[in-house]
Amino acid sequence: MTHVCRYLMSSISGLGGFVFFLVESFFAFLGCQNRFNKLIHSILEIGCRCIVIVLIIGLFTGMVMGLQMYYTLVKFGADAALGTAVSLSIIRELGPVLTALMIIGQSGSALTSEIGIMRNDEQIDALETMQIDSKGFLSGPRIYAGLICFPILTAFFDIIGIFGGYFSGSFLMGLDADIYWKKVFQSVQVSDVYGGLFKALVFGFLTMGICTFEGYYAHVNSNFKGVRGVTLAATKAVVKSSICVLIFDYLITSFLL
């Protein structure tokens with residue numbers, strides 16, 4: 001029982017520390033010099049690094065959904081609803097979730113490792129010595145870049161995913177293209193698009209915060225030092241961010257529905 005209490009207290013303390021870190025980084029960035037240059041660099045670092053893999057995953061996700069849903073719908077004589085099924089599934093759920101997971105794996109782990117190495121090399125201590133807010137300097141731009149990049153990449157994923165479903169349904173399965181696109185435009189509402197982009201905003205804010213937090217405190221949150229500690233911090237950041245995406249996807253979906 002004592003171990004359980006200690007674990008709960010440690011978890012609550014860690015959650016509180018993360019919230020304070022997130023809020024402090026978010027507002028500290030507003031007082032940093034050269035904010036615009038740091039933000040542009042972070043956008044290139046997060047967004048451009050992931051755009052190719054997001055488009056590839058989006059295309060093949062749409063193609064697979066087109067095939068699987070066509071074979072399911074045709075059994076009920078509802079193959080004309082393929083456009084509705086593919087577009088709503090991608091825009092509401094798969095687009096923001098898979099985009100977030102791809103960015104976490106591609107950029108989040110690298111981001112955590114970079115900040116963790118800076119911590120081990122005492123570069124963060126040097127920033128503090130020069131009276132530079134290290135949270136605003138290192139974490140702040142990444143969080144704001146996440147708020148910008150996640151919705152944009154999610155929109156790219158949605159578009160290419162719907163085209164992937166069109167390719168599978170029309171070119172491979174023989175479904176009339178006009179029927180597919182008619183169902184897409186009839187079924188997708190503005191609220192569906194806003195809901196998916198809102199999820200992307202939340203995912204970007206939380207996951208970039210988790211990745212920077214794990215890297216910033218890599219020397220505290222691990223029993224290992226040096227390269228091993230940075231590796232464990234990157235692993236923890238990816239796992240925690242992925243779990244966070246799935247949990248908040250359920251919570252936001254429950255609220256929006």
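The values are calculated or read from the model by the stated rules, or taken from the named source; none is laboratory data. From a predicted model like this one, the values you see are computed outputs, not experimental measurements. Using ideal geometry, Cβ is built from the backbone for each residue, glycine included, and neighbour counts are taken over all protein chains shown.
Can you find a residue in the range 220-240 that is surrounded by fewer than 23 Cβ atoms within 10 Å (Cβ to Cβ), modelled with pLDDT of 90 or more and in contact with a Leu (Cβ under 7 Å, 6 or more places away or on another chain)? No: zero hits.
Each residue in the range 160-172 was checked for being within 30 Å of residue 112 (Cα to Cα) and surrounded by fewer than 18 Cβ atoms within 10 Å (Cβ to Cβ), and 0 of them qualify.
Here residue 89 meets each of (1) more than 17 Å from the chain's Cα centre (by Cα); (2) surrounded by 19 or more Cβ atoms within 10 Å (Cβ to Cβ) with one exception, condition (2).
Going residue by residue through the range 187-198, is there one that turns out to be farther than 30 Å from residue 21 by Cα, in contact (Cβ under 8 Å) with a residue 12 or more places away in the chain and crowded, with 18+ Cβ neighbours inside 10 Å? Yes, some residue in the range 187-198 is farther than 30 Å from residue 21 by Cα, in contact (Cβ under 8 Å) with a residue 12 or more places away in the chain and crowded, with 18+ Cβ neighbours inside 10 Å. Among the residues of the range 16-50, those identified as β-branched (Val, Ile, Thr) and surrounded by fewer than 17 Cβ atoms within 10 Å (Cβ to Cβ) are 19, 23, 40.
If the condition is being part of a helix (DSSP H, G or I) and aliphatic (A, V, I, L, M), then the range 195-221 contributes 197, 200, 201, 202, 206, 208, 210.
Report yes if residue 153 is out of contact with any Lys or Arg (no Cβ under 7 Å at 6 or more places or on another chain) and farther than 19 Å from residue 43 by Cα, otherwise no. So residue 153 does not fit the description; no.
Look at (1) in contact with a Lys or Arg (Cβ under 6 Å, 6 or more places away or on another chain); (2) crowded, with 19+ Cβ neighbours inside 10 Å; (3) of a type outside the set (Asp, Glu); (4) not in a helix (DSSP H, G or I) and you find that residue 175 fails only one, number (1).
Count of the range 125-153 residues, restricted to those that are touching a residue at least 12 places away in the same chain (Cβ under 8 Å) and either buried (at least 22 other Cβ atoms within 10 Å of the Cβ) or part of a helix (DSSP H, G or I) (or both), is 20. Scanning the range 80-124 for residues being of a type in the set (Asp, Glu) and assigned to a helix (DSSP H, G or I) gives a total of 2.
Whenever a residue of the range 12-37 is under 17 Å from residue 208 (Cβ atoms), its partners that are modelled with pLDDT under 85, lying with C-beta atoms within less than 7 angstrom and at least six residues away or across chains, give the pairs 28/133; 29/35; 32/133. Could we say that residue 251 is loosely packed, with under 14 Cβ neighbours inside 10 Å and at pLDDT below 90 here? Taking the combined requirement at face value, the residue does not satisfy it. There is no residue in the range 155-170 that is at positive phi and not charged (D, E, K, R). Would a scan of the range 53-60 turn up a residue that is buried (at least 21 other Cβ atoms within 10 Å of the Cβ) and at pLDDT 90 or above? Yes, some residue in the range 53-60 is buried (at least 21 other Cβ atoms within 10 Å of the Cβ) and at pLDDT 90 or above. Taking residues in the range 244-256 that are in a helix (DSSP H, G or I), and partners anywhere that are polar (S, T, N, Q), the pairs with Cβ atoms closer than 7 Å and at least 6 places apart or on different chains are 244/207; 245/207.
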